[in-house]
Amino acid sequence: MLIRIISGIVGVPLLIGIVLYGGPLLFLSVMTISLIGIYEFYCALENKDIKPIKWIGYLITIAIICQFHLEFTYTYMLTFIYVVAIVLTCIVLLIKPQYNIIDASTTLFGIFYVSTLLGHIILISNHPRSTAIWLVFITAWGTDTFAYFTGIFFGKKKLCPNISPKKTVMGAVGGILGSVALSGAFGYIFFRDDLLIVLSIGLFGSILSQTGDLTASIIKRYVGIKDYGKIIPGHGGVLDRFDSIIFTAPVIYYFVLIMSVGG
């Protein structure tokens, strides 16, 4: 626990500085996190004798994050990148008999699951209402914190004992209430005219945050590992720390688009 707290003390100011500076620094940070994340994901699958085509995952991750940062025509360019990913994967299947359809499918899944979803952080930062980027972390880590302490003091009934034995129903409820409260406070200061939408972000962001956490737990349980890595002392790997953010970033981006239409 002490190592976890120390990591938080070091990591939070670093995160705040990166987000405040934004621009190229945020782009490089998201790129780095995405590449490490997809590496961890692919390595985890190797415990089940699955062989993702790693170089395709890395190449397409770089393309996706660059596309988000450079703001090319969103729909067409992103679709083109996905088509390239699928075609490359099929070509490898044809010429490399050591790979099979499961290897190919997990390669593509990793690209969508890690790189595309995390890349929405950059889309939020490029938006005129980029202040909403803080809601990505408020909903995700606010949910984690409130769920943890609510679960300790009030949690009895298990939420998903076969997936994550420590999570409780009351912990999940506490995480949602905490996220809504923190998001509401943030919205009252920065988005008072859209407070209802921000409260909705707190609600849905928390639900998806916990969904992301449980999804990561399902994957880790399937491949038989406790953590994705050891790069963050006390927390594990990048995916162990960003598993909830993977799901909150997209939902907040699309809520921001709704706010823009309404405003």
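Quick notes on this structure:
- The residue list V169, V173, V114 contains one member that is surrounded by 15 or more Cβ atoms within 10 Å (Cβ to Cβ), out of contact with any Asp or Glu (no Cβ under 7 Å at 6 or more places or on another chain), under 20 Å from I218 (Cβ atoms) and free of Cβ contacts under 8 Å to residues at least 60 places away in the same chain, which is V169.
- L117 vs. criteria closer than 15 Å to V30 by Cβ and modelled with pLDDT under 90: no
- Failed criterion for T79 (all others in (1) at pLDDT below 95; (2) surrounded by fewer than 20 Cβ atoms within 10 Å (Cβ to Cβ); (3) closer than 15 Å to I111 by Cβ; (4) within 20 Å of the chain's Cα centre (by Cα) hold): (4)
- Residue match in region 196-216 (condition: at pLDDT below 90 and part of a helix (DSSP H, G or I)): no
- Residues within region 217-253 that are more than 14 Å from W141 (Cα to Cα) and not in a helix (DSSP H, G or I), tallied: 13
- Scanning region 77-93 finds one or more residues that are over 30 Å from I258 (Cβ atoms) and among the polar types (S, T, N, Q).
- Filter result for W141 (within 22 Å of I218 (Cβ to Cβ), of a type in the set (F, W, Y) and part of a helix (DSSP H, G or I)): yes
- If you check K226, K230, K220 for being of a type outside the set (G, A, S), over 19 Å from T145 (Cα atoms), buried (at least 16 other Cβ atoms within 10 Å of the Cβ) and modelled with pLDDT under 95, only one passes: K220.
The values are calculated or read from the model by the stated rules, or taken from the named source; none is laboratory data. Since the model is a prediction, treat every value here as computed from it, not as a measurement. Cβ: placed from backbone, ideal geometry, glycine included. Neighbour counts: every protein chain shown.
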